[in-house]
1. What's the minimum Cβ distance from chain D to the axis relating it to A, in whole Å, and which residue gives it?
2. Helix-only estimate, please: 222 nm mean residue ellipticity of chain A, summing -39500 (n - 2.57) across DSSP H runs of length 4 or more and dividing by its residues, to the nearest 500.
3. How far is the Cα center of the range D:135-151 from the Cα center of the range C:199-276, in Å?
4. Under 5 Å between amide H atoms, partner at least 5 residues away or on a different chain: which partners does C:G37 have, H built in plane at 1.01 Å?
5. Using only the alpha-carbon atoms of the range A:220-270 as identical scatterers, what base-10 log of I(q)/I(0) does the Debye formula give at q = 0.26, 0.29 Å⁻¹?
6. Sticking with the crude label model, points 7 Å out along Cα→Cβ, report the distance from D:E315 to B:Q98 in nm, one decimal please.
7. Based on alpha-carbon atoms only, what is the radius of gyration of the range B:94-243 relative to the globular estimate 2.2 N^0.38 Å?
8. Residues with amide H under 5 Å of A:V219's amide H, sequence separation 5 or more or different chain, H placed in the peptide plane at 1.01 Å from N; which?
There are 4 protein chains.
Amino acid sequence: MLVPRVWSSVRQGLSGALSRTAGSWAPGEGRKMDISGVYPPVTTPFTATAEVDYGKLEENLHKLATFPFRGFLVQGSNGEFPFLTSSERLEVVSRARQVLPKDKLLLAGSGCESTQATVEMTVSMAQVGADAAVVVTPCYYRGRMSSAALIHHYTKVADLSPIPVVLYSVPVNTGLDLPVDAVVTLSQHPNIVGIKDSGGDVTRIGLIVHKTQRQDFQVLAGSAGFLLAGYAVGAVGGVCALANVLGAQVCQLERLCLTGQWEDAQKLQHRLIEPNTAVTQRFGIPGLKKTMDWFGYYGGPCRAPLQELSPAQEEMLRLDFTSNGWL
Amino acid sequence: MLVPRVWSSVRQGLSGALSRTAGSWAPGEGRKMDISGVYPPVTTPFTATAEVDYGKLEENLHKLATFPFRGFLVQGSNGEFPFLTSSERLEVVSRARQVLPKDKLLLAGSGCESTQATVEMTVSMAQVGADAAVVVTPCYYRGRMSSAALIHHYTKVADLSPIPVVLYSVPVNTGLDLPVDAVVTLSQHPNIVGIKDSGGDVTRIGLIVHKTQRQDFQVLAGSAGFLLAGYAVGAVGGVCALANVLGAQVCQLERLCLTGQWEDAQKLQHRLIEPNTAVTQRFGIPGLKKTMDWFGYYGGPCRAPLQELSPAQEEMLRLDFTSNGWL
Amino acid sequence: MLVPRVWSSVRQGLSGALSRTAGSWAPGEGRKMDISGVYPPVTTPFTATAEVDYGKLEENLHKLATFPFRGFLVQGSNGEFPFLTSSERLEVVSRARQVLPKDKLLLAGSGCESTQATVEMTVSMAQVGADAAVVVTPCYYRGRMSSAALIHHYTKVADLSPIPVVLYSVPVNTGLDLPVDAVVTLSQHPNIVGIKDSGGDVTRIGLIVHKTQRQDFQVLAGSAGFLLAGYAVGAVGGVCALANVLGAQVCQLERLCLTGQWEDAQKLQHRLIEPNTAVTQRFGIPGLKKTMDWFGYYGGPCRAPLQELSPAQEEMLRLDFTSNGWL
Amino acid sequence: MLVPRVWSSVRQGLSGALSRTAGSWAPGEGRKMDISGVYPPVTTPFTATAEVDYGKLEENLHKLATFPFRGFLVQGSNGEFPFLTSSERLEVVSRARQVLPKDKLLLAGSGCESTQATVEMTVSMAQVGADAAVVVTPCYYRGRMSSAALIHHYTKVADLSPIPVVLYSVPVNTGLDLPVDAVVTLSQHPNIVGIKDSGGDVTRIGLIVHKTQRQDFQVLAGSAGFLLAGYAVGAVGGVCALANVLGAQVCQLERLCLTGQWEDAQKLQHRLIEPNTAVTQRFGIPGLKKTMDWFGYYGGPCRAPLQELSPAQEEMLRLDFTSNGWL
């Protein structure tokens, strides 16, 4: 397994890089990477003894690759990344890259709490095949995460990353919304190509699109619940947990939006809201994995402390799908 | 002045009505009132000594009536209703009705903390000319405002109101979001025609539209910031503070949405977000009134404890308009 | 009934006063009124048809007056003041003053949303017998309630009030914590004698005591849950909902604290926390009134939209008292 | 360096243990470890190039060990533990144990997001010398961290930990308050000896003391801001960031409380609130480290993304100490 060696060489090689001042990143001559489209934020399958089940991961990806997704995100919040070791995080990226068709973009969540660890993880993920890095806001010291601190953090990461960086704001997990002024400043960095915004505030999304219009900066809606509204205000795609189970439908919603069939889009969007809420806020990853089991994928258990759903919760989860005609 | 007499007769007449059980409202045979369209939530002008300036109110309404608004809301949150006496609240409605063309709907905010007071105010406002009542959630005891309590409150008000009732959820002021399950239940009441939703969560708006689709129930976006997105998910109009100063533009945005010109709509929506935020969350009613002064209306002072903007705040407010090409 | 005349004369007389600049209040030569001690925040009894039951109010006060309370607060949050008309608010004060022994202080909650209405209500309450006014922070426009706005509001009220003013911060209802810097500034006003602080943050209470130590300014804990801790950091008493039902016990806790019997105080405090939480956050005024029924007072119904407890809730409420040995 | 070997052996040894059911921990026959007293939560010193400076750590501990602290906490929130590698976390514990006198308790923060990682870290920290483990609530998936999930997490950790476990609730960082019912359940575990509660809600602390009185369970106040109030309601000590710079004063406050000199205690407590707030909520670890520099310790830089204070912030920080007579 290649991972450990890569990891340790990264750690050594970066100690000097990290003390350099920001701005050393050499921009390419052209436009930023196009990241438009729909991505499922892939779950990490575990065995009954809580080991990562790479075989099941590959099987899930094989099945998912039949849909017209633009690509896949591994180790977004739905990937249980805070529960994985560094080696596991890299191995998941490596396996995903090997199994996925070349034309599918592989986004990898590389955020850590410290700037240094995030840089190291980002570089390592690039080395094992990630096409772009999705970097969540550090959050444990959220009271100190001012715009200035976050701008410094992301600038350093983008300076040192060999692959494009996507900002990632997910207040339900981090208790922190990446401020619009920081997003606007960071959009000017040649290696920062967009943001995955999971907050659901489309006024904010519209404002970000508006204020970054000269920067070739792209917004991905962070949930299927506001994918239509996101497109309406200028988002170019979405990273949607629901796409792990209703992949065809989420891709169809994208197509309806892109072709201006807003009436049909609205009808479809409406039927996706409750299932989407069910596998995100309402029942979380345990709900998403349970639903994957129903839809022919491998969901399986979560790592502790995440708990399985109770039978009553399963019933409610199922109802959110049946009442909208999906089961 | 007619008001006091009306008011006192209402108080006497209702004491019996309020002890009746809910459900006594006799529905008409037909459809619910159509409230689709754009409404400015009108401000209440005050003199330098903090008296209501009814003359200026009439002047503002005259000017605003030249735009293709569906109607007007008096005593929404922007009307400083918590600062008005009962008599003043009724007189504002009365004057507005007299000065407005007959084809403009007059919505009146009639919410009070108690159910009884809300019923009385609603009935009185109907008597002085309101076409529909917009009823904000009671909020002082928000910890006790369960779905059951809110359903009971609105049912009682709708039962006894001679005019249609519009629910009103504005968490930034009330600290309370009218729960979706309560909205769905209340949508079945024949005298409840819709909701003004000011929370800005379009996933929620989409879900409300979806789950009330058989009820002839209408959603109005509570702000110009998400008017386009609101239309995209099924709202039928908006109550927009910004329409007090950029009336033509908000009406144009409505027309672009209704005629499916989404690209132009998006461009216009983008340019309205910062001005909208400026006259709502950022600088509140003092900001809205200051802007009205700039745009040829009478803004004037607010009642205390609301404070005038500082010169530095005025500067920032102005910049939110000039940077988007509106001043 | 005297009230209406007083009220209307107040309204006329104050129109001039309100336009005067702040600072016109002529301080007495001496110290501020001593408000130390324990106060029950009295509930407002209603009949089955939701009329104020002044007879039951008087009966409750008679019974409560047998305990060594310093006085009583009418129309704190537990008095359902947002549900009362102006006339009812004044009549409650008037009746309470008539029935209470002369040596009991009568505090009256006079807060309204506007500064003008608060001044009028405060003056009127003084005229019908209140010894001091407890003024809650205005809160509907909480986003604009800066320290400057709140300082302006309270200064105006204190300038024009014939009786001492007590600040009142109750974030669970208002969504607003009166900022410490505003409290410190206001403590210098000769007619502002203290604060009822219901937030439960004793670090804040200690800081307020510390920074106002030269101002003869007094802090009352707003709940029996932190009465002991409040005394420990320098509070001089408390306004405790629980004192409506466990009056002897709350007075005993006060005595243990004042005489330095901290060990016994701690044991008693511990046994009061769950009952206190039950009649405040957990079950609110409906819970307090239900408990009053159990303890020989008249609790009765609340005005709508407050709802009665369900049987299951009543059971939990009872358990919070029985498990601590009070029932 | 011993650490890596220990770490890897732990990982192998535990894979079986983790799949065992909870409850396998064999309780000693006696009482729980006594953890009463004051502890500074030690900072982690870094060099200018952001390496851990173990020499400075030892120097700081030498100086701090001259005060009558009960012991020290390494890798509480003030130790920047989320920014350290696993090896660094263990090495800090190891060095601290070597340099500290035998009679000083060494508490080590061993919390990670997953249950498995927390168990491994706890076991490893025990092996390198920690006397007890302080385990912060997992928080990234806070929406799923029900009482049941947290009880399961802590039970597993306590079952498998060779050293006593202290619960750790710090909502300002985690956005999560360990529910009282979970604390009460967990207090019955023979290997869970107490809780470090940093929320500042003394009503809650009193309730925890009350409801765990038969369990030999101990509460440590998580901040010097409410140390006096904490003692008043039954806490037995505190973990106080301020003790890193005002060690003598915090120990004196403890002594005044333990000997019942509440009047002097109150005066001292008052003077510690502003400095305490300054080095915690207001300016965070950068503020604490800057203050350490002023008081003769090595503060030094934080790891990114934490930023240095601006000169204006330093000025305010200094004022919080000078205005209370500490500088």
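1. Here the value is D:G175, 2.
2. Values: 13 runs with 146 residues, N = 327.
Value at 222 nm, helices only, nearest 500: -13500 deg cm²/dmol.
3. The range D:135-151 and the range C:199-276 have Cα centres spaced 33 Å from each other.
4. Excluding prolines and chain starts, which carry no amide H, the hits are C:G237, C:G238.
5. -0.96, -1.20
6. 5.8
7. Working: Rg = 14.6 Å, N = 150, 2.2 N^0.38 = 14.8 Å.
Output field value: 0.99.
8. So A:V219 has HN proximity to A:I195, A:V236.
Read the figures in this text as sums done on the coordinates, not as results from a lab. A quick note: this is a predicted structure, and the numbers were derived from the prediction, not measured. FYI the Cβ positions are ideal-geometry reconstructions off the backbone, even for glycines, and counts take in every protein chain you see.
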